[in-house]
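Notes to accompany the following structure.
Readers should treat all values here as calculations from the given coordinates under stated rules, not as data from a laboratory. Remember, predicted model here, so these are calculated numbers, not experimental data. Cβ sites come from the backbone with ideal geometry, for glycine too, and all protein chains shown count toward neighbours.
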Amino acid sequence: MIEPRHIQDYNDAASLEPHWGYADRVVPCTNDAGSCEYLDVVYHSHDLGMLYSGILWSVIIGGLLVWGIWNRSHSSSRLTKTITSSIRRRFLPDTKSKFGRYFFGRTTKLQILLLVCITIYLTIFSFIGIRYKTWITPVKKMPGVYNRRSSIGPLADRVGILAYALTPLSILLGSRESLLSVVTGLPYQNFNFLHRWLGHIILLQSLLHTILWLVVELRFYQPQPKVAKEWIVQPYIIWGVVAMILLLILWVLSTSWSRKKCGYEFFRKAHYLLAILYIVACWLHWKQLQCFMLPSLLLWILDRSIRLIRTWLIHYKVLPNGKGGLFEPIQAKLTYHDSDILRLDFDNPNTTTYEIGQHFYICFLKGSIWQSHPFTPLNLPNDSHGYLIRAKKGETKKIMDFNSDLTTPIILTGPYGVDIMKDLEIEDNVLCIAGGTGITFVLPILLHLSKFGLTKGRLIELVWVIRHEKDTEWIKSELEQLRKDENISITIKITRELKVSNSNNNSTISGSSTPMPISKNFDTLQMSGNQKEEIKEKLQNGDIVPISSYSNINNNNNITGEDSGCPCKPPVYTAGSSSSSSSEYKENNQIYDAEKAIEQGVEPHHRPDLRLSVKEFVQKTINGPTCVYVSGPGGMVSDVRDEVALCNDAKKVWNGEEKAEVRLIYDDRLE
Ligand SMILES: Cc1cc2nc3c(=O)[nH]c(=O)nc-3n(C[C@H](O)[C@H](O)[C@H](O)COP(=O)(O)OP(=O)(O)OC[C@H]3O[C@@H](n4cnc5c(N)ncnc54)[C@H](O)[C@@H]3O)c2cc1C
Ligand SMILES: NC(=O)c1ccc[n+]([C@@H]2O[C@H](COP(=O)([O-])OP(=O)(O)OC[C@H]3O[C@@H](n4cnc5c(N)ncnc54)[C@H](OP(=O)(O)O)[C@@H]3O)[C@@H](O)[C@H]2O)c1
């Protein structure tokens, strides 16, 4: 005997009509007239739901194919340049409205537009093609008892189908071993925004599906509570409830609140595990839709397996007898700079190849074998690996605490991300902008151009914003290498080495008669001996020497503080010696920490106007388009993005003015 399901009795069936993704239909219909009409709506709406999902996937696959072909064709016709320039101008900046920032963060308008299109598509196709009606139908063998059948059921199913159809897309968008990156050439991090929002959409759809069916089964179908009790104990409903609970936990753990509370690594591991359990539960809830769950499962397994294989390949060691076997961790050399910066160096393991712009995940065995974090090599591929790590609060802080160790064992996985130099043409001018440790993203580009003699005939500049001048020590040898190339202009902007004047009345910290804080190592300044002496003498006399005195000392090596446009005291370096910490100074017998004061907002920031840097650079170019690379704090990337968008002018590009074509390659973080 076959269980009666979906209000049909299969034992009465003369024949069955298959419907992809749903239970077969009993034909001819053996129910009452109202229920048969209701079943017509159910099956028609379901078939349309499958069709709309098919259209959605056809558009996605077709769009990706076109994108892939475009990406590989390296089309550089005037028309494509004009179109891309116009898209950049309109859609590159992130949203500036308070509402937009709150919901979307620093995301380009292009990503938001894509999300809006998906949302509109899903909203329309959730509701159309359903005949909205209510049927009051008799309950078999219960005279006077009636069921209320309505289009709520087909609507709930339609939303459920779309949620299932979006699941493989969500996995694709969230994978690190990203097929989407292979096709589009975009880094996997760029898809994270849509992955997150698709998660919100799937949650809403699943909630709607669940709530609507609860209303139907707990209120509309009679007699109650008999119907509800029989309904909830069916295995497919139990699995539906399990899937809903898993999805809710998945969603709660993904909010920035719980990511902060439980730690990023817990979120990541839990996310992987809950995602696979959710897929299995969905499969068991509605086996007929395994066409969506099978690819989701395969994509998940593929992502995890490739990761394991790649890690093994890096660490696989050939034994002296010629056979392979050992999985050997890498010993990395540690160099500590300040309290929160660490440089990690080690030889290229198993001659691992990677492209400029790619990053690796590093697991510090002395920290936790369950964690690995992404870091970007600052060297050229095929050289030894060098990494700069800014300690945060989790694993990276633990690593800083190894500070008596000279080396540490690590496991490397990767590379991930994409080649950021593949589209750089020989005539492109290059502007690299970096903030702090973001230098690792742009440094290999300059090293590559310099090493292979590609710097001649184009304008190349590095603008590096750092907190302290001594931060240049992080990459001392690499900077020296770059400085040898007279075609590369290097501007270093310092933001936290300020001191206020003791004699200047516009100082908000006044009354001190002592020279101000000592946060500058004079010997590392790029200037001639005479200039150095002159400035030193002035400072020792208690004079104020504005930062601008240090600017433009060398034609291609500028170390500057930023004093333009600052509403506060301009940063001023003072000399002298002190046993106190670099940023501390005495004021009215009290110790002040300039750095802390800036961080806490007591002292204003002294950040350079990077929009101006971009604008001036583009104005300086004589011929050729410009490619801007940026990596640094979010605000910095946003500023550069806005200015790059403004520098693009489709009309001028169409008229052959190369200067008006400015591309941007930015480091897109998951933070
Ligand atoms: C593609 C990429 C390249 C990076 N390159 C560098 C680099 O060269 N140098 C550098 O100093 N930092 C780099 N980072 C940032 C670095 O990975 C994080 O600062 C580090 O993982 C923080 O670890 P934690 O446990 O101390 O973090 P926590 O203090 O626990 O968290 C701080 C923040 O770091 C982020 N984070 C934590 N763990 C991860 C993770 N496994 N994956 C992604 N983000 C995480 C989260 O957004 C979190 O909010 C890079 C990040 C990405 C995504
Ligand atoms: N993909 C990569 O390769 C990679 C690698 C490492 C880091 N990063 C990115 O780089 C970021 C920087 O890391 P960090 O902690 O080393 O940086 P940081 O020290 O906090 O900032 C670097 C410098 O940038 C200045 N700054 C901040 N916002 C600015 C703005 N809008 N305009 C001009 N200057 C600005 C800061 O000034 P103040 O002193 O006033 O704060 C500081 O001097 C990280 O958030 C990370 O996302 C990327």
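For the stretch 43-107, a/c is not less than 1.5, where a ≥ b ≥ c are the root eigenvalues of the C-alpha gyration tensor, and a/b does not top b/c. That puts it in the oblate class. The mean of 1/r over all distinct Cα pairs in the stretch 616-671, once inverted, gives the Kirkwood hydrodynamic radius of 12.0 Å. Placing R0 at 56 angstrom, the Cβ-Cβ distance between Glu265 and Tyr146 gives a FRET efficiency of 0.50 after rounding to 0.05. Take the alpha carbon gyration tensor of the stretch 204-247, find the square roots of its eigenvalues, order them as a ≥ b ≥ c, and report rounded if a/c is under 1.5; if not, report prolate when a/b exceeds b/c, else oblate. Oblate is the answer for the stretch 204-247, as a/c is 1.5 or above yet b/c matches or exceeds a/b. Basic side chains Lys and Arg get +1 at the Cβ, acidic Asp and Glu get -1 at the Cβ, and with that the dipole of the stretch 294-446 about its Cα centre reaches some 780 debye. Let a ≥ b ≥ c be the square roots of the eigenvalues of the Cα gyration tensor of the stretch 3-91; is it rounded (a/c under 1.5), or, if not, prolate (a/b larger than b/c) or oblate? Prolate, since a/c reaches 1.5 and a/b exceeds b/c. Each of Val233, Val183, Leu203 was placed along the dipole of the stretch 128-250 (beta-carbon charges, centred on the mean Cα), and the one lying farthest toward the positive end is Val233. For the stretch 408-470, a simple Cβ point-charge model (Lys and Arg +1, Asp and Glu -1, everything else neutral) yields a dipole of about 280 debye relative to the Cα centre. Rounded to the nearest 20, the Cβ-based charge dipole of the stretch 223-312 about its Cα centre (Lys and Arg +1, Asp and Glu -1) stands at 280 debye. With K and R counted +1 and D and E -1, the other residues having a Cβ less than 14 Å from that of Glu427 yield a net charge of -1. What's the long-distance tail for the stretch 176-300, i.e. % of Cα pairs beyond 20 Å? That tail contains 54 percent of the Cα-Cα pairs. For the stretch 383-468, the alpha-carbon coordinates run over 47, 30, 22 Å along the three principal axes, in decreasing order.
Can you list which of the chymotrypsin sites (Phe, Trp or Tyr not before Pro) found in the stretch 389-470 are DSSP loop residues with at most 15 other C-beta atoms within 10 Å? When the chymotrypsin sites (Phe, Trp or Tyr not before Pro) of the stretch 389-470 are filtered for loop state and at most 15 Cβ neighbours within 10 Å, Phe452 remain. For the charge dipole of the stretch 1-81, defined by +1 on Lys and Arg C-beta atoms and -1 on Asp and Glu C-beta atoms about the Cα centroid, which residue among Gln8, Tyr38, Gly63 has the Cα displaced farthest towards the positive pole? With unit charges placed on the Cβ atoms, the residue in question is Gly63. For the stretch 66-168, chymotrypsin sites (Phe, Trp or Tyr not before Pro) meeting the loop criterion (DSSP other than H, G, I, E, B) and having at most 11 other Cβ atoms within 10 Å: Tyr132.
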